[in-house]
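Take a look at the structure set out below.
Each reported figure results from applying straightforward, stated rules to the coordinates on display, with no laboratory input. The shown structure was predicted, so the numbers you read here are calculated from the model rather than taken from an experiment. For neighbour counting, all protein chains shown are included, and Cβ atoms are generated from backbone atoms with ideal geometry for every residue, glycine included.
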Amino acid sequence: MSTTKKQEKMEISKLEIIDLNDNSDANAKKIVHASSTQGFLMFEGHGFTEAEIDLLFQFSHDYFKLPLEEKNKCVIQTDNAGYTGMGVENLEEDDLDRGYGDPKEGFNFANFDLKTGIPNQPIPEFWQDKMDIISKTVLKLREALKKSLRLLSAGLEIEGVDGIDHEWFVERHHDDHFSGTTFRFLRYPSPVNENASEEEKDKFEELNVAGAHTDYGTVTLLFQKKEESGLQLYSPITKKWESVPYVPASAKYAAQNEAAPLIVNIADQLCYWTNGHLKSTIHRVRFPRELLDKGKDRYSIVLFAHPGDETLLEPVPSKIIKDIKGRGASHYMEKHGVSQTAREHLNNRLGSTYGWKY
Ligand SMILES: O=C(O)CCC(=O)C(=O)O
Ligand SMILES: [Fe+2]
């Protein structure tokens, strides 16, 4: 492609950074504002050190290097647990029938006992001596999740018996329930080698290695490496694609040896549950030029949080939400006289005909 035809430089998204340890009303309003406008944000105060995150990425590098035959021993099952090979999953929601998948591979841990963080699935030999670290990581990500859910409950002013019910969302993401919660390692092989021509790299800069989609659960928490950006969101504010930047830890958290903020997005169930007030923002992955120039692969690690399977996705008891009619959980309730459970919503997700995303 000639340089004249080259895409204009993509905007870098400005994402709100939420301190998970700040329980002030102002911070609660801030998280709701970010979630109801951009739908993408960042969390600091998550408690992960760089060394902990590096170790997870090291596991990922080593796992994906295994022969395909080995990885296919625990291939993905209908319960969403296991190995997904190259091209198996197509996230491109506007083109689900295109007949080929995203050029990436992944490994999902799922069916968690959330009290212990232990997944109920066949565990590949490679992961067996690492399961303690996987479980601890999942539990720690869940702690961050719960802090954010308390802030969201406060910011949405969820009505309890005596005042705001800070635990409303947490109780519905309880450790005692089975849920769609999934912890996923992803590898996107570089589509070119470092010696490829500039034209070829131009072309691959426009290739979606994860197709444009929204996530299915409530909140998604993601580790993206500094030198491996590539996540892009379709901003509900600017109606343009923007890239998710790398932001280093703030002085406060750097002093506590905490790694960079987690990248977070609101997903479909929380959007639905809040009648579209919180935005399940469309996103995709494209290789950044710096990575194509090096011919290096991209890795990411993601926790998809879901409520307990039997949780009723009834309209959230908040004045802010109840005033929104004809959408999401309220719309479903008006139409059917009952609410869907989180599991039903998840299972219906792809066949859904809501006709709206925001
Ligand atoms: O790899 C990433 O950065 C994002 C992956 C993603 O959006 C997904 O798997 O749902
Ligand atoms: Fe996603």
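The separation of region 76-137 from region 149-212, counted between C-alpha centres, amounts to 14 Å. A Gaussian network model of the chain, with springs between Cα atoms under 10 Å, assigns the largest mean-square fluctuation among 141, 207, 313 to 207. Free of any GluC sites (Glu not before Pro) that DSSP assigns to a loop and that have at most 13 other C-beta atoms within 10 Å, the longest stretch within the chain is 9-193. Sorting 148, 13 from the fewest to the most surrounding beta carbons within 10 angstrom yields 13, 148.
Could you give log10 I(q)/I(0) at q = 0.12, 0.18 Å⁻¹ for region 255-358, computed by the Debye formula over C-alpha point scatterers of equal weight, without solvent? Relative scattering, expressed as log10 I(q)/I(0), comes to -0.55, -0.90.
Database remark: amide H of residue 160 closer than 5 angstrom to the amide H of 165 (H placed geometrically; neighbours at sequence offset of 5 or more, or on other chains; Pro and chain starts carry no H). For region 116-128, 3J(HN,Hα) computed residue by residue from phi via the Karplus equation (6.51, -1.76, 1.60; θ = phi - 60°) reads 10, x, 8, x, 9, 6, x, 9, x, 3, 3, 8, 4 Hz, glycine and proline entered as x. Distances longer than 27 Å among the Cα atoms of the chain: what percent of all pairs is that? Above the 27 Å cut-off, the chain has 47 percent of its Cα pairs. For residue 296, the aspartates and glutamates whose Cα comes closer than 13 Å to its Cα, not counting residues fewer than 8 places off in the same chain, are 194, 227, 228.
By the count of neighbouring beta-carbon atoms within 10 Å, fewest first, 64, 40 end up ordered 64, 40. Only Cα pairs under 8 Å and 6+ residues apart enter the sum, and on that basis the relative contact order of region 3-354 stands at 23 percent. Counting only DSSP H runs of at least 4 residues, each contributing -39500 (n - 2.57), and dividing by the residue count of the chain, the helix-based mean residue ellipticity at 222 nm comes to -8000 deg cm²/dmol.
Between residue 225 and residue 86, the simple spin-label model (points 7 angstrom out along Cα→Cβ) gives 1.9 nm. Checked against a 25 Å cut-off, the cross-linked pairs 115/322; 65/225; 65/115; 14/65; 29/115; 147/279 give Cα-Cα distances beyond that limit for 115/322; 65/115; 14/65; 29/115.
In this structure the amide hydrogen of residue 178, modeled in the peptide plane, comes within under 5 Å of the amide hydrogens of 309, none closer than 5 places in sequence on its chain. Pull up the DSSP beta bridges for the chain and report the antiparallel fraction as a percent, rounded to 5. Around 90 percent antiparallel, to the nearest 5.
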